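For reference, the structure is listed below as structure tokens.
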Amino acid sequence: KINRQSLVASYAQIESMYHGEGPKNVEAIFIAAEREGALLFIDEADSLLSKRLTNVNQGSEQAINSMRSQLLICLERFRGVVIFSTNLVENYDKAFETRVRHVKFPMPDEKGRQQIWRKHLPQKLPGVKNLSIEKLAKVDNVCGRDIKNAVIDAAMRVARQRKEEIELSDLLRSIEHIKTARINVEPASERLTPEETEAVRQKVQAALNEQKE
């Protein structure tokens with residue numbers, strides 16, 4: 001614990017439709033964080049820390065470069081703690097590499113996945129008491145966001161199908177679909193190999209087969 005309040009901002013909050021306002025917003029959040037002695041947390045940081053554009057033809061592109069340049073200046077001057085959150089670290093501008101330290105959070109293990117499934121499955125959801133959290137947690141290489149989205153996706157599908165209860169198969173199909181979609185958009189270094197993808201499919205199918213027995 002660092003015993004500090006936190007100031008949270010995202011790229012969507014910093015960006016402005018008005019030319020020249022973006023860099024001012026960047027500077028403003030750093031000034032506010034230092035004045036309050038707060039930990040500054042910037043979400044969706046890849047939008048701010050990505051490589052600066054070289055062929056600038058439009059005002060919007062110039063504004064993006066201006067924000068990124070202003071961020072570099074603010075980092076040099078800032079005397080507090082700032083945390084950037086991203087899942088696209090490969091897109092970082094090299095100029096930021098010497099100014100930040102990377103901390104990679106691994107995917108949760110099976111015990112962690114059990115806790116996350118329990119947290120995101122509402123107890124009032126029809127059929128939830130009949131679900132096997134242990135079987136759901138067997139599907140590995142998924143994060144909390146994947147699990148949360150799987151619960152929402154499965155619940156919506158059950159509602160559309162007018163089923164009375166959610167079943168294990170609904171959640172397993174949703175988590176497989178979400179995981180496959182993530183594989184297609186992740187940086188190449190983080191994508192699953194064909195062998196790993198097949199292993200995931202087999203685990204999901206095995207869990208479905210166990211449910212039928």
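Side notes on the structure shown:
- Within segment 64-164, helices (runs of 4 or more DSSP H) holding 1 or more residues that are within 21 Å of Thr180 (Cβ to Cβ) and basic (Lys, Arg): 110-120, 133-136, 144-160
- For segment 90-114, a residue qualifies if it is free of Cβ contacts under 8 Å to residues at least 12 places away in the same chain and surrounded by 13 or more Cβ atoms within 10 Å (Cβ to Cβ), and exactly one does: Gly112.
- Segment 114-125: number of residues that are out of contact with any helix residue (DSSP H, G or I) (no Cβ under 7 Å at 6 or more places or on another chain) and either outside the structural domain of Leu168 (by TED's automatic domain parsing) or at pLDDT 90 or above (or both): 2
- Figure legend. Inter-residue proximity from segment 56-68: first residues assigned by TED's automatic domain parsing to the domain that holds Ile29 and within 17 Å of Asn25 (Cβ to Cβ), second residues basic (Lys, Arg) and at pLDDT below 75, beta-carbon distance below 9 Å, spacing 6+ or different chains. Indicated pairs: Ile64/Arg52; Asn65/Arg52; Arg68/Lys51; Arg68/Arg52.
- Picking from residues in segment 142-173 that are of a type in the set (Gly, Ala, Ser) and buried (at least 17 other Cβ atoms within 10 Å of the Cβ), the one that is nearest to Arg118 (Cα to Cα) is Ala150.
Quick grid of which residues meet (1) modelled with pLDDT under 75; (2) touching a Phe, Trp or Tyr at 6+ places or on another chain (Cβ under 9 Å):
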{"position": "Gly59", "(1), (2)": "yes, no"}
{"position": "Asn65", "(1), (2)": "no, no"}
{"position": "Leu71", "(1), (2)": "no, yes"}
{"position": "Leu75", "(1), (2)": "no, yes"}
{"position": "Arg79", "(1), (2)": "no, no"}
{"position": "Ile83", "(1), (2)": "no, yes"}
{"position": "Thr86", "(1), (2)": "no, yes"}
{"position": "Glu90", "(1), (2)": "yes, no"}
{"position": "Val103", "(1), (2)": "no, no"}
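- Residue check for Ala12: assigned to a helix (DSSP H, G or I), loosely packed, with under 13 Cβ neighbours inside 10 Å and at pLDDT below 90: yes
- Of all residues making up segment 149-163, the number that are of a type outside the set (Gly, Ala, Ser) and either farther than 13 Å from Leu121 by Cα or more than 26 Å from the chain's Cα centre (by Cα) (or both): 7
The values are calculated or read from the model by the stated rules, or taken from the named source; none is laboratory data. Everything quoted here is computed from the prediction, not taken from an experiment. Heads up, the Cβs are rebuilt from the backbone with ideal geometry, glycines too, and the neighbour counts pull from every protein chain shown.
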